[in-house]
Each structure stands twice: as C-alpha cells, then as structure tokens.
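> Pasting a structure below so you can have a look.
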Amino acid sequence: MDAKRVETVSARVDAAASSPDSVEDELELSAVRHRPEGLEQLESQTRFSRKELQILYRGFKNECPSGIVNEDTFKDIYSQFFPQGGLFHVSAGFKNRQTLKSSDSMRPFVLIDASTYAHFLFNAFDTDHNGSVSFEDFVMGLSILLRGTVQEKLNWAFNLYDINKDGYITKEEMLDIMKAIYDMMGKCTYPVLKEETPRQHVEVFFQKMDKNRDGVVTIDEFIDCCQNDENIMRSMHLFENVL
C-alpha cells in the first residue's frame, strides 16, 4: 500500500468515525471461520474506536470472507496497488505514475514487481508466524502504521527487516528488503535509480547501525541510529510509502 493509499485508509476511517450514520451492528462473527476478538478488546489494544473497527472489519471481510488471509491472497490484494508486471511511465515519476497507453508507445516504461516486498510485508503482519494474517493482526499493525509513536513505528520497521525473526538484522536481510523496495519503486523514479543503488544504501546504513561491528544490528542499535541520524530517519520512512 503506498503512502496515498495509507492516507486514504486513514481518511476513510476518520470519516466513518465522525459520521452521524454510525454502524450499530456488531461484528458478524458467524459468517467467518476465524472469530476475531471482541470489539472492546481490540479497541483497548489499538488506537481505533469501536466505529472505526466496525468499518475496518467490514472492508476486511469483504476482501477475505474466511476472516483470515494467507500469503497468496495477501499478494493478490497488494498487487492491486502495485500491479505486478504493470507498465508505468518512467518520466512520470513514482508519485505521478500512469499506465502506459498505446498512443504513448514511444515513451519509456518499466515493469513493476511487488510480489517480493508483499512477501516480506505479509511476514511482518503475521505476528504469530502461522502462515496467515487475521483481522487482529491487520488492525494492530495498521494502528501502529497510522497512529503509532515513532518508537512503535521503528519497532515495526525492525520486525520487517528482521526477516528470520531471530532478533537481529543482518546485512543480507537489509539488502533483501531494499532490493524488494527497489523492484517496486526504484525503477519508477526519475531519474531511474541504478541497479547497484540498494547495495550502496545498505553499506552506508549498516556501517552506521552496526556500532560494535559484530555483523548484525540489534533493535537498540537500529532505533538509536534511526533516531539520531536525520538522513537515515528520512530514508527509513521509505517503508511507510510502500505499506
């Protein structure tokens, strides 16, 4: 989901909460295989109101009637925002991308591949690592991304980069994420980023983060470095733009 999409979700949630035509019915639990936690519990665990949770649940259930999302379904949904194999103008830039038309056949275009990043994003939302994302997983992650503190967002980002969930980020893990973001966004920027750009960024970031030079980055090193380096903090916001 790109930044505009996240802002749209946030705007819809806020609008739903302030609307006088509030949703009065409870979560329709009998219609799904997975029974989400009660509204009161989710309300206490997230920064969403009861009305907002009802709106979010209806949208979630519309996309996933079973109440849970496996990785293939997650990728299908995510590809709606970054169509795998879609053709976009390089000259338009990422934020102003346009689908290629036959009349524009002479203009430069690129292929967008969102599948790899969607895989990593799914793993970050799948907090109990059971191969599926429940409504609870979804709203708790969304709550952090939309309304969390800087500390909470950095913790979430660390979890994203810690691919094997061992509590450390290796240079290879950071590079895998950076390459995935590049495959989805970097080729659509103007000027187009060079293929070696992800590795160059990782070398700089990792050298700053790995303070004791033990070859891994801990969550404390990650958060401390991000909070005290304006350039890294700005660059780390990149992950928010592809959620």
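> Just to be sure I understand, how many residues within region 118-153 are within 14 Å of the chain's Cα centre (by Cα) and on the phi > 0 side of the Ramachandran plot?
0
Residues checked against (1) open to solvent by less than 60 Å² (accessible area, probe 1.4 Å); (2) in contact with a helix residue (DSSP H, G or I) (Cβ under 8 Å, 6 or more places away or on another chain); (3) at pLDDT 90 or above; (4) at positive phi:
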residue: L193; (1), (2), (3), (4): no, yes, no, no
residue: R199; (1), (2), (3), (4): no, yes, yes, no
residue: V202; (1), (2), (3), (4): yes, yes, yes, no
residue: M209; (1), (2), (3), (4): yes, yes, yes, no
residue: D220; (1), (2), (3), (4): no, no, yes, no
residue: E230; (1), (2), (3), (4): no, no, no, no
residue: F239; (1), (2), (3), (4): yes, yes, no, no
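> Next up: Would you pick out the residues in region 140-149 that are open to solvent by less than 60 Å² (accessible area, probe 1.4 Å) and of a type in the set (S, T, Y)?
Once the filter is applied, which keeps residues that are open to solvent by less than 60 Å² (accessible area, probe 1.4 Å) and of a type in the set (S, T, Y), region 140-149 yields only S143.
> Working only within region 44-80, note down all residues that are among the hydrophobic types (A, V, I, L, M, F, W, C), open to solvent by 30 Å² or more (accessible area, probe 1.4 Å) and assigned to a helix (DSSP H, G or I).
I55, F74, I77
> If you don't mind, there's one more thing I want to ask. So is S143 touching a strand residue (DSSP E or B) at 6+ places or on another chain (Cβ under 7 Å), modelled with pLDDT under 95 and small (G, A, S) or not?
no
> Restricting the search to region 150-191, which residues are at pLDDT 90 or above, of a type in the set (S, T, Y) and either open to solvent by 20 Å² or more (accessible area, probe 1.4 Å) or assigned by the TED database to the domain that holds V204 (or both)?
Y168, T170, listed by residue number.
The values are calculated or read from the model by the stated rules, or taken from the named source; none is laboratory data. Here the structure is a predicted model, which is why all the values come from computation and not from measurement. Heads up, the Cβs are rebuilt from the backbone with ideal geometry, glycines too, and the neighbour counts pull from every protein chain shown. For the accessible areas, the whole protein counts, side chains as well, though only heavy atoms, and no ligand, DNA or RNA atoms are used. Shrake-Rupley method; radii C 1.70, N 1.55, O 1.52, S 1.80 Å.
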